[in-house]
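Structure first, commentary second.
The values are calculated or read from the model by the stated rules, or taken from the named source; none is laboratory data. Remember, predicted model here, so these are calculated numbers, not experimental data. As a convention, Cβ positions derive from the backbone with ideal geometry for all residues, glycine included, and neighbour counts pool all protein chains shown.
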């Protein structure tokens, strides 16, 4: 695994975030931890309607597709470091790309932007989220 500056806890800056699909959450956290060769992603957020949500998944950032368990969205995930400041993931269902996410760190390593894109029946979308490092 490359040096991983992404590890840690992050807090959503919803004022800086821009969504084409849905609305940015009122608040959110994003945590990335390493367990051996795997990265584990934990997300928690409060939607604009006040409902709280959580999600998590894990993967090895080696550019290979791995089966996902217990998710209705996708059946495989692929993670890779494009370079030390860009961590990319793709999610597929039945071999078709469902989601693409690019996490990019600012040069000071304390701000992470996440661009999540995909397709809906209405067409393509991209949601742009900004997170600030907590620890």
Filtered residues of region 80-97 (kept if surrounded by fewer than 16 Cβ atoms within 10 Å (Cβ to Cβ) and either touching a strand residue (DSSP E or B) at 6+ places or on another chain (Cβ under 7 Å) or under 19 Å from residue 30 (Cα atoms) (or both)): 82, 84, 85, 86, 97
Unmet criterion (only one of (1) surrounded by 17 or more Cβ atoms within 10 Å (Cβ to Cβ); (2) modelled with pLDDT under 95; (3) assigned to a strand (DSSP E or B)) for residue 74: (3)
Where a residue in region 50-69 is in contact (Cβ under 8 Å) with a residue 12 or more places away in the chain and at negative phi and its partner, wherever it lies, is part of a loop (DSSP other than H, G, I, E, B) and surrounded by fewer than 11 Cβ atoms within 10 Å (Cβ to Cβ), with Cβ under 7 Å and at least six apart: 60/37
Single unsatisfied condition, residue 28 versus (1) within 16 Å of residue 112 (Cα to Cα); (2) surrounded by 14 or more Cβ atoms within 10 Å (Cβ to Cβ); (3) out of contact with any strand residue (DSSP E or B) (no Cβ under 6 Å at 6 or more places or on another chain): (3)
Search result, residues across region 82-135 that are over 13 Å from the mean Cα position of the chain (by Cα), assigned to a strand (DSSP E or B) and more than 20 Å from residue 58 (Cβ to Cβ): 83, 96, 111, 119, 120, 123, 124, 125, 132, 133
Residue within region 38-60 that is assigned to a loop (DSSP other than H, G, I, E, B), over 12 Å from the mean Cα position of the chain (by Cα) and under 15 Å from residue 5 (Cα atoms) present: no
